[in-house]
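Below you'll find the structure, written out as structure tokens, and then a few comments.
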Amino acid sequence: MSAPRVIAIDGPSAAGKGTLAKRLAAYFGLPHLDTGLLYRAVGWMAEQSGRPPAEIAAALEASDLANPELRTDQAGQAGSRVAAIPEVRTNLLNFQKKFAYQASGAVLDGRDIGTVICPDAAIKLFVTASPEARAERRLRELRQRGATVIYGDVLQDMKERDARDSERRVAPLAAAPDAVTIDTTGLDADRVFELASEIIARARAADGA
């Protein structure tokens, strides 16, 4: 099946963009990169080693993204902190662009894909949801992993991370002007996938694909 060359998906934590990105990549037969893992890896490795985050970012390899610890909330918070460091973002830029513009095309999800990494992407989606809905999702995810957490703490962490991501000076979380927003509050993953597929189909038809 033919597909848009690059599909850029942005949005805040626990909005559902990762799940959507994986499904679209599988559907169109495209490679997928969760760019948040790059920052999680840098943040995690910096905390564990004490090395400067920018130095770690400059030497990051694909194999570093396989660490299961990167899926923890601790790694998520660490990733959000180092993502505010301009040198870290600069050092990871080529890694992301090289992945995005490979011959097959790709699906990337993150927070600045449509605005910084791939501003010329054929498809740009901004996936969001209310902080309360996202906190409920993250709470379920953490409890399934055996973590002892309460809703109030998860919601507060979510709001603090949103503030860091949207207020940072370099590449803040924001919808690209030409992105289509999908609010997943109250929607299940199947419905979100249907909506995204419809958006992509309309975009391809408009381009004569």
**Report entry** Rg to Rh quotient for region 129-183, alpha carbon positions, Kirkwood Rh
**Finding:** 1.06
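Can you quote the Å³ per residue value for the convex hull of the Cα atoms in region 1-56, rounded to an integer?
Taking the convex hull of the Cα positions in region 1-56, it is 101 Å³ per residue.
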Query - Residue with peak Gaussian network fluctuation, the chain [Cα springs, cutoff 10 Å], from D112, D34, D120 - result: D120
Report summary line: With -39,500 (n - 2.57) per DSSP H segment of 4 or more residues and division by the full residue count of the chain, the 222 nm estimate, nearest 500 deg cm²/dmol, is -16000 deg cm²/dmol
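Which loop-located GluC sites (Glu not before Pro) does region 26-70 contain, where loop means any DSSP state but H, G, I, E or B and the Cβ has at most 11 other Cβ atoms within 10 Å?
Those that pass, being in a loop and sparsely packed, are E61.
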Report task. Find which of A62, Y151, A83 sits farthest along the positive direction of the dipole of region 6-203, computed with +1 on the beta-carbon of Lys and Arg, -1 on that of Asp and Glu, about the Cα centre. Result -> A62
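About the Cα centre of region 6-203, how large is the charge dipole given +1 on each Lys and Arg Cβ and -1 on each Asp and Glu Cβ? Please answer in debye to the nearest 20.
Magnitude of the dipole: close to 120 debye.
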Requested in this report: Under a 10 Å cutoff between Cα atoms, tell me which one of R81, R51, R164 has the largest fluctuation in the Gaussian network model of the chain.
Outcome: R51
Report summary line: Taking every C-alpha to C-alpha distance in region 89-182 and binning by 10 Å from 0, the per-bin percentages run 14, 36, 31, 17, 1
Report summary line: One checks the Cα atoms of region 45-131 and finds Rg and Dmax, in Å, of 14.0, 40
Requested in this report: For the chain, compute Rh as the Kirkwood radius over C-alpha pairs and then the Stokes-Einstein diffusion coefficient at 37 °C and 0.692 mPa s; write the answer in µm²/s, rounded to an integer.
Outcome: 189 µm²/s
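Quick note: the coordinates plus some simple rules give every number you see, no bench work behind them. It should be emphasised that the depicted structure is a prediction, and the values quoted were computed from it without experimental measurement. Cβ: placed from backbone, ideal geometry, glycine included. Neighbour counts: every protein chain shown.
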